[in-house]
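Encoded as structure tokens, the structure appears first; notes follow it.
The values are calculated or read from the model by the stated rules, or taken from the named source; none is laboratory data. None of the values given here were measured: they were computed from a predicted structure. Neighbour counts are summed over all protein chains in view; Cβ atoms, including those assigned to glycine, are modelled from backbone coordinates with ideal geometry.
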Amino acid sequence: MKKIIAILSIAGFLVACEKETTKPTPYTPPTTSFKATLAGNQAFVPDTVIVTSEQLVQGGPYMLIIAAQKKINADSSTRIQFIIEDFTRDNATESKTISLSTNRPAYFLEINDKVNLTRIVHHFSQNGTLALNKIGADYINGTFQFTYFTFDQYGNKIAEYPIQNGEFKNLRIKRK
């Protein structure tokens, strides 16, 4: 009987002394956003935004590709896209500002994707700026503005269109 009381006392003591553990708070990634104003008044808020870091040419530098696409209807969409050398792999560089031109372009793309045919019209930037900030190892924020131009069937420039107030936040970089 004394043994049973002793065992119950020890068990009760151990239960009373048990440390209460708290569960760790699950990580919630920051909310992402991407927006811009097209041609002065039309809001561009994409359906999908993909950011990748990959080697486009074997042995070449890693390139950072930022692509934001907005569906217009079942088979048409528009996309804003930047392709720049990936500075985020360098632990020393926290931010970078890039002058956009025809030599270092941004793109505004019109995509028409049908069952047996995909047509993509590239509109290259004429001038503009892309400013990027690295957030931690795998996220970026940035601002941008540029003017893109269109051509007729003979290659003559026919119009210019501004993309202004471009901003993106908390975009996660997928590394390949």
Original post:
Looking at this structure, is F108 within 20 Å of I50 (Cα to Cα), in contact with a strand residue (DSSP E or B) (Cβ under 9 Å, 6 or more places away or on another chain) and touching a residue at least 40 places away in the same chain (Cβ under 8 Å)?
Top reply: yes
Original post:
Which of the residues that make up the range 30-48 are surrounded by fewer than 18 Cβ atoms within 10 Å (Cβ to Cβ) and not charged (D, E, K, R)?
Top reply: P30, T31, T32, S33, T37, A39, G40, N41, Q42, A43, V45, T48
**OP:** Mind listing just one residue for me: the one in the range 50-83 that is of a type in the set (V, I, T) and over 19 Å from Y148 (Cβ atoms) and, of those, surrounded by the most Cβ atoms within 10 Å (Cβ to Cβ)?
**Re:** V51
Original post:
If I158 satisfies every condition in (1) in a strand (DSSP E or B); (2) touching a residue at least 12 places away in the same chain (Cβ under 8 Å); (3) more than 20 Å from K35 (Cα to Cα) but one, which is the exception?
Top reply: (2)
**OP:** Name the strands (runs of 3 or more DSSP E) wholly inside the range 6-98 in which the number of residues that are modelled with pLDDT of 85 or more and under 20 Å from V121 (Cα atoms) is 3 or more.
**Re:** 33-38, 48-55, 62-73, 76-85
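Take the range 84-97 and flag every residue that is hydrophobic (A, V, I, L, M, F, W, C) and surrounded by fewer than 16 Cβ atoms within 10 Å (Cβ to Cβ).
Applying the first criterion (hydrophobic (A, V, I, L, M, F, W, C)) to the range 84-97 yields 84, 87, 92.
Within the range 84-97, just A92 meets the criteria.
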**OP:** Select from the range 99-121 the residues that are surrounded by fewer than 11 Cβ atoms within 10 Å (Cβ to Cβ), assigned to a loop (DSSP other than H, G, I, E, B) and not β-branched (V, I, T) and list them in ascending order.
**Re:** N103, N116
